[in-house]
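Please read the structure below before turning to the comments.
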Amino acid sequence: MFEISLTYPTPLLQDFLRFMDCLKEEDTVLSAKNQYMPREQLWGLNQLMSFKTENANPKLDQGSYPLLHMFYHLALAGNLAVMMPGKGVKFHLKVTDRYEEYLKLTMCEQYFFLLETLWIDADWEALQKATYGRIPNVRLISSVWQELARVTAGKTLNVKDSKSSWHSWLWDWGYFLWYFTYFGFWQFTQDEEALKESRRKIEASTLTPTEFGVSLAPILFKYRDYLDWNQVNLRKGVLTSQDILDGLENMIRSMGKIPQGFAELARARQESLAEPFYKKFVSLFVPGELMHTLPRDQKDFVEGTYLLKVSLSRGKWRKIELTAKHNLHQLHLAIQEAFEFDDDHLYSFFMDNKKWSHDRYESPLDEGPHADEVTMGELGLYPGKTFLYLFDYGDEWEFKVEVEEISSEKPLPLTPKIVGKRGEAPDQYGYGY
């Protein structure tokens, strides 16, 4: 049985504590363009980490530090930190009370909370963006864990050899080679020829699986397929593991062979979706060390009256009051009324402030998920939270929505109402705004 410590299987937990403590102690103002952490802060943090980025300097941005880049995304995806609006278009990174609950977990539970967050909540495309912007081929992710479960721990694999299956599976893994090194699945040596082109061109020359990685891999393959568990991938609606299994089964049939084991694997994966992520791993660890992690449902229904500031520009804004039970479509209608628009085009609310991201709710006339199916109280909103309302996909009117207050003392309005304004409404079909 395994026992997680500050140094086994890696110093991941120790480094993450240092990262989070830094966020608590320092005012972290994110860059306006990428919403990255300050370069001087990253430079100082890197020197405290067990997994240091070599040959770093104070001029490097967040994308040059794979460990810190991963921690940044895990903190946000796990709701251990949130982005709060600052001056202008910049945000501050603030640690939440949920981090105190994280610290109460055993080290094994902390490890699995971070692995769960990486596996389920993190946007793999954003994690890979620092290299070249694409995630590992989703059709082959499962194959990596299937094969990892079969290899001998400690045996070094030649990944650079083009005849090796590992070469085709891992050629586009980039920073994910590092990420799963940090989580203790393997060690790898970098391809020096690729590094000569760019410090961010991460390719493996050899891969050495650990006993820990070989033990966890079969569970990830059989019961925790990325395509079924990662929420960002599911919102994209591209592929499920069943699609992959159906394709493989049809290919085997076309070769005149009888496919075996596909129905059983599909059934095992489907049945496991009803249980917590960590459950299948419990038997691998010392009894009592992995009993739970932080609750998956981070968005408890928050009752009250919501005061929102909806801004088209610095001098043009409206304040709207509505209740926890009003939905986003009703907010859309209130914004249309507040700015005297005609409500004649499609719209979306992007909850991560990123236009065209998959973290969105769309017009009931669009593909979905739909704005009339989610209420304000279900969104996990808090004072200071901002999101983007985009109206008319041709002209692309962009409105910043900021939660100014959530009050349990104010009267509950029957319908959303406009309670403040500044600036004249623009001409919806003009160019003078």
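The values are calculated or read from the model by the stated rules, or taken from the named source; none is laboratory data. These figures come from a predicted structure and were not determined experimentally. Methodologically, a virtual Cβ is constructed for each residue, glycine included, from the backbone with ideal geometry; neighbour enumeration extends over all protein chains shown. Ligands, DNA and RNA are stripped out before the accessible areas are found, and what is left, the full protein with its side chains, is counted by its heavy atoms. Shrake-Rupley method; radii C 1.70, N 1.55, O 1.52, S 1.80 Å.
Rounded, prolate or oblate: pick one for region 103-214, where a ≥ b ≥ c are the square roots of the eigenvalues of its C-alpha gyration tensor, a/c under 1.5 means rounded, and failing that, prolate if a/b is larger than b/c, else oblate.
Working: a/c = 1.75, a/b = 1.27, b/c = 1.37.
Because a/c hits 1.5 or more and a/b fails to exceed b/c, region 103-214 counts as oblate.
Put +1 on the Cβ of every Lys and Arg and -1 on every Asp and Glu Cβ in the chain; which of GLN110, LEU60, LEU331 then has its Cα farthest towards the positive end of the dipole?
LEU60
I need the fraction of alpha carbon pairs in region 212-362 separated by more than 25 Å, rounded to a whole percent. Walk me through the numbers before you get to the answer.
Working: 6334 of 11325 pairs.
Beyond 25 Å sits 56 percent of the P(r) for region 212-362.
Per residue, what accessible area does the chain have, given a 1.4 Å probe and all protein chains present, in Å²? Write down the numbers at each step before the final one.
Working: 20600 Å² over 433 residues.
With all protein chains present, the chain gives 48 Å² per residue.
With viscosity set to 1.306 mPa s and temperature to 10 °C, compute the Stokes-Einstein D of the chain, Rh being the Kirkwood radius across alpha carbon pairs; µm²/s, no decimals. Write out the running numbers ahead of the final one.
Numbers: Rh = 23.9 Å.
Answer, rounded: 66 µm²/s.
How much length would be gained if the chain were fully extended between HIS167 and GLU3, taking 0.36 nm per residue of separation minus their Cα-Cα distance, in nm to one decimal? Please list the in-between numbers first.
On the way: separation 164, 0.36 × 164 = 59.04 nm, distance 3.19 nm.
Taking 0.36 nm per residue and subtracting the Cα distance, the gain is 55.9 nm.
What is the angle, in °, between the Cα long axis of helix 107-116 and the longest principal axis of the Cα atoms in the chain? Nearest 10 is fine, range 0 to 90.
70
Between Rg and the Kirkwood Rh of region 138-186, both from Cα atoms, what is the Rg to Rh ratio?
Rounded to two decimals, Rg/Rh equals 0.92.
Of GLU271, GLU25, which has the most accessible area with a 1.4 Å probe, and how do the rest follow in descending order? All intermediate terms of the calculation are to be shown ahead of the outcome.
Values: GLU271 125, GLU25 150 Å².
Listed by decreasing accessible area, they come as GLU25, GLU271.
Please compute the volume of the convex hull spanned by the alpha-carbon atoms of region 192-247 and report it per residue in Å³.
Values: hull volume 8.8 nm³, N = 56.
Cα-based convex hull of region 192-247, divided per residue, equals 158 Å³.
Return the Rg/Rh value of region 1-99, two decimal places, where both radii are evaluated on C-alpha atoms and Rh is the Kirkwood radius.
Working: Rg = 13.9 Å, Rh = 14.1 Å.
Radius of gyration relative to Kirkwood radius: 0.99.
Quick one: give the max-minus-min coordinate of the C-alpha atoms of region 48-123 along each principal axis, largest first, in Å.
Ordered largest first, region 48-123 gives principal extents of 37, 34, 23 Å.
Sort ILE141, ILE406 from largest to smallest accessible area, using a 1.4 Å probe on the heavy atoms of the protein chains.
Numbers: ILE141 5, ILE406 45 Å².
Solvent-accessible surface, decreasing: ILE406, ILE141.
Using 0.36 nm times the number of residues separating LEU414 and TYR429, minus their current alpha carbon distance, what extension gain do you get?
Values: separation 15, 0.36 × 15 = 5.40 nm, distance 3.14 nm.
Taking LEU414 through TYR429 to full extension adds about 2.3 nm, to one decimal.
Report, by chain and number, residues whose modeled amide H sits under 5 Å from the one on GLU405, excluding near sequence neighbours (fewer than 5 apart, same chain).
LEU307
Would you kindly find the accessible area of ILE135, with a 1.4 Å probe and non-protein molecules such as ligands, DNA and RNA excluded, rounding to the nearest 10 Å²?
It works out to around 30 Å².
Just how large is the dipole of the chain about the Cα centre, in debye to the nearest 20, putting +1 at every Lys and Arg Cβ and -1 at every Asp and Glu Cβ? Don't jump to the answer; show the numbers that get you there.
On the way: 49 positive and 62 negative charges, 200 e Å.
Charge dipole of the chain: 960 debye, to the nearest 20.
May I ask you to derive the FRET efficiency for LYS155 and ASP359 from their Cβ-Cβ distance with R0 = 35 Å, giving the value to the nearest 0.05?
Numbers: r = 41 Å, r/R0 = 1.17.
The calculated FRET efficiency here is 0.30.
Ignoring ligands and nucleic acids, what accessible area does VAL151 show with a 1.4 Å probe (Å², nearest 10)?
Per-residue accessible area (VAL151): approximately 30 Å².
Show the residues, 5+ positions off or on another chain, whose built amide H is closer than 5 Å to the amide H of GLN187.
HN-HN under 5 Å from GLN187: THR208, THR210.
Consider a paramagnetic label point 7 Å from the Cα of ASN34 along Cα→Cβ; state which residues of region 136-154 have an amide N under 19 Å from it.
Only 136 fall inside the zone, counting backbone N under 19 Å.
Can you pick out the pairs among LYS33/LYS160; LYS280/LYS354; LYS316/LYS355; LYS163/LYS279; LYS129/LYS279; LYS104/LYS280 whose Cα atoms lie more than 28 Å from each other? Before the final figure, lay out each step's value.
On the way: LYS33/LYS160 36 Å; LYS280/LYS354 35 Å; LYS316/LYS355 20 Å; LYS163/LYS279 37 Å; LYS129/LYS279 31 Å; LYS104/LYS280 22 Å.
The pairs that break the limit, which is 28 Å between Cα atoms, are LYS33/LYS160; LYS280/LYS354; LYS163/LYS279; LYS129/LYS279.
Just to be sure I understand: with springs between alpha-carbon atoms less than 10 Å apart, which residue in LEU74, LEU140, LEU127 has the highest mean-square fluctuation in the Gaussian network model of the chain?
LEU140
TYR226 accessible area, nearest 10 Å², 1.4 Å probe?
10
Hey, any idea what % of region 150-211's accessible area is carbon plus sulfur with a 1.4 Å probe?
Working: 1420 of 3040 Å².
Answer for region 150-211: carbon and sulfur cover 47 percent of the accessible area.
Going from most exposed to least, what order do VAL144, VAL302 have by accessible area with a 1.4 Å probe? Write out the running numbers ahead of the final one.
On the way: VAL144 0, VAL302 50 Å².
I get VAL302, VAL144, largest accessible area first.
Could you give the angle, 0 to 90 degrees to the nearest 10, between helix 12-25's Cα long axis and the longest principal axis of the Cα atoms of the chain?
Helix 12-25 and the main axis of the chain meet at about 20 degrees.
According to the square roots a ≥ b ≥ c of the eigenvalues of the Cα gyration tensor, what is the shape class of region 313-402, taking rounded for a/c under 1.5, prolate for a/b larger than b/c otherwise, and oblate for the remainder?
Details: a/c = 1.24, a/b = 1.05, b/c = 1.19.
Rounded, because the longest to shortest axis ratio a/c is under 1.5.
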